[in-house]
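Since the structure comes first, as structure tokens, the remarks are kept for the end.
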Amino acid sequence: MIQLIEVCELLKASKNSTQKYTLREIYVNPKHVISLREDDNFKRKLHEGVLPDNLTDSHNFTRVTLDKGQTGLELVVIGAPHIIEMKLKGGSRELLHG
């Protein structure tokens, strides 16, 4: 299992707060990951100020699709796709068989 930080929508955002999202730790089984793709939509939300204050403009976001049987489950996590891929691989190198 790999630990990632998910960006998830607040169910009840206060009227005075512009933040509509929160962060939480999740654990993902790398064997169930179908795809990774950059999510520029959340980069825009970061600039709009609706994401938590502890994020900086240098943060990137990745949409992770997980296999869930008949359907997939999509999560948005903090980190560029190549960083998330390295975490999922556990830094292991693949042996090329020639």
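Just one residue in the set Leu66, Leu46, Leu88 is of a type outside the set (Asp, Glu), within 16 Å of Glu6 (Cα to Cα) and not in a helix (DSSP H, G or I); that residue is Leu66.
Among the residues making up segment 48-84, a single one is more than 16 Å from Pro30 (Cα to Cα), among the charged types (D, E, K, R) and touching a helix residue (DSSP H, G or I) at 6+ places or on another chain (Cβ under 9 Å): Asp57.
Being modelled with pLDDT of 95 or more and exposed (fewer than 11 other Cβ atoms within 10 Å of the Cβ) holds for only one residue in Glu9, Glu25, and it is Glu25.
In summary, Lys45 fulfils each of the numbered conditions (1) modelled with pLDDT of 90 or more; (2) among the basic types (Lys, Arg); (3) over 21 Å from Thr22 (Cβ atoms) with the single exception of condition (3).
If a residue has to be closer than 20 Å to Leu73 by Cβ and surrounded by 14 or more Cβ atoms within 10 Å (Cβ to Cβ) to count, how many in segment 31-52 make the cut?
Looking only at segment 31-52, we keep the residues that are closer than 20 Å to Leu73 by Cβ, and these are 31-39, 41-42.
From what is left, the residues that are surrounded by 14 or more Cβ atoms within 10 Å (Cβ to Cβ) are 33, 36, 38-39, 42.
The total comes to 5.
The values are calculated or read from the model by the stated rules, or taken from the named source; none is laboratory data. Owing to the predicted nature of the structure, the values given are computational and were not obtained by experimental measurement. Cβ: placed from backbone, ideal geometry, glycine included. Neighbour counts: every protein chain shown.
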